[in-house]
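Data first, discussion second: the structure below is written as structure tokens.
Every read-out reported here was derived from the displayed coordinates using simple, explicitly stated rules and does not represent laboratory data. It should be emphasised that the depicted structure is a prediction, and the values quoted were computed from it without experimental measurement. Virtual Cβ from ideal backbone geometry, glycine too; neighbours counted across all protein chains shown.
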Amino acid sequence: MTGALRGESPHFPTRATPYPGRMSEFTVRAATTQDVRGIQAMLEPFVQRRILLGKDLVVLYEATQQFVVAENSDGELVGCGALHVMWEDLGEIRTLIVVDDWLHRGVGRGIVEHLEENARRLGLARLFCLTFEVEFFTRRGFAPIGEQVVDPDVYSQLIRSPDEGVAEFLDLAHVKPNTLGNTRMLKALR
Ligand SMILES: CC(C)(COP(=O)(O)OP(=O)(O)OC[C@H]1O[C@@H](n2cnc3c(N)ncnc32)[C@H](O)[C@@H]1OP(=O)(O)O)[C@@H](O)C(=O)NCCC(=O)NCCS
């Protein structure tokens, strides 16, 4: 593997993308297990407000490879986001968070761009999200969608997934209370 760092995965390189700015320098990089408790701490307030789905620590550790994090120049986490592969061509952006002090400085955009790059590398063509942040995702090229996103054959396979996020995507009744008012959005990757 040419130019790879020790322990680097070919799909999720440890390369970090710096976003320089006068007052708001930050870096987006692949998450490690050391970040997981910090990710849960960022997630918790949004779970309390029923904006994002809660996740047990074990579920977050199992999803470490899905996550990227944004950190400030002191190495403190200021945001995170995850890419969940759902099907051959379809993935979901989930658990996208930017801490209050860092809102509107391009961190969310940096995280989504990094996740989109990971998605392309994995061969995905479409990205889904379920969100209250419709304006943010519209600016990122997402558009609201109706019910019919996958053909009936794929639907019958996806319905076998134990993942709560996939159930949300399929709009299944048992997760309805968590998703009231959310908008389902999709973006075609180029
Ligand atoms: C959605 C969310 C992640 C966006 O994070 P963010 O870091 O504020 O987003 P950004 O700064 O990248 O973009 C928001 C807008 O801020 C403004 N902005 C960006 N950089 C800026 C800067 N340096 N100065 C002033 N404004 C700026 C822009 O209007 C930008 O939109 P644009 O880049 O498309 O023009 C954040 O609001 C959040 O954590 N929401 C709660 C959790 C949630 O619902 N997540 C989605 C679930 S999937």
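Suppose we look only past 20 Å in the calculated P(r) of the chain. What percent of the Cα-Cα pairs does that tail hold?
55 percent
When only C-alpha pairs under 8 Å and at least 6 residues apart count, what is the relative contact order of the chain, in percent?
On the way: 275 pairs, mean separation 34.2, N = 190.
18 percent.
Consider a paramagnetic label point 7 Å from the Cα of V85 along Cα→Cβ; state which residues of the range 125-164 have an amide N under 15 Å from it.
125-127
Could you give me the ³J(HN,Hα) list for the range 24-37, computed from phi with Karplus coefficients 6.51, -1.76, 1.60 and θ = phi - 60°, whole Hz, x at Gly and Pro?
After applying 6.51 cos²θ - 1.76 cosθ + 1.60, I find 9, 6, 8, 10, 10, 8, 4, 6, 10, 4, 5, 8, 5, 5 Hz.
Rounded, prolate or oblate: which fits the range 18-77 when a ≥ b ≥ c are the square roots of the eigenvalues of the alpha-carbon gyration tensor, with rounded for a/c under 1.5 and prolate only if a/b beats b/c?
Oblate, since a/c reaches 1.5 and b/c is not below a/b.
Can you tell me the length gained on complete extension of the stretch D153 to F132, counting 0.36 nm per residue apart and subtracting the Cα distance?
So the chain would gain 4.7 nm between D153 and F132.
With r as the distance between the Cβ atoms of R50 and L103 and R0 = 25 Å, compute the FRET efficiency 1/(1 + (r/R0)^6) and round to 0.05.
Computed FRET efficiency for L103 and R50: 0.80.
Can you show me the helix-derived [θ] at 222 nm for the chain, built from DSSP H runs with n ≥ 4 at -39,500 (n - 2.57) apiece and divided by the number of residues, rounded to the nearest 500. Don't jump to the answer; show the numbers that get you there.
Values: 7 runs with 57 residues, N = 190.
Mean residue ellipticity at 222 nm (helix-derived): -8000 deg cm²/dmol.
Name the long-range amide H neighbours of G79: under 5 Å, sequence gap of 5 or more, or other chain; modelled H, no Pro or chain starts.
Distant-sequence amide H within range of G79: A70, V99.
Would you kindly state how much longer the chain becomes between Q65 and R139 on full extension, computed as 0.36 nm times their sequence separation minus their alpha carbon distance, in nm to one decimal?
24.0 nm
Against the longest principal axis of the chain, how steep is helix 107-121, in degrees 0 to 90 to the nearest 10, with axes from Cα atoms?
So the inclination is approximately 70 degrees.
Along the range 81-97, what does the Karplus equation 6.51 cos²θ - 1.76 cosθ + 1.60 (θ = phi - 60°) give for ³J(HN,Hα), rounded to whole Hz, x for Gly and Pro?
After applying 6.51 cos²θ - 1.76 cosθ + 1.60, I find x, 10, 10, 10, 6, 10, 7, 3, 10, 10, x, 10, 8, 9, 6, 8, 9 Hz.
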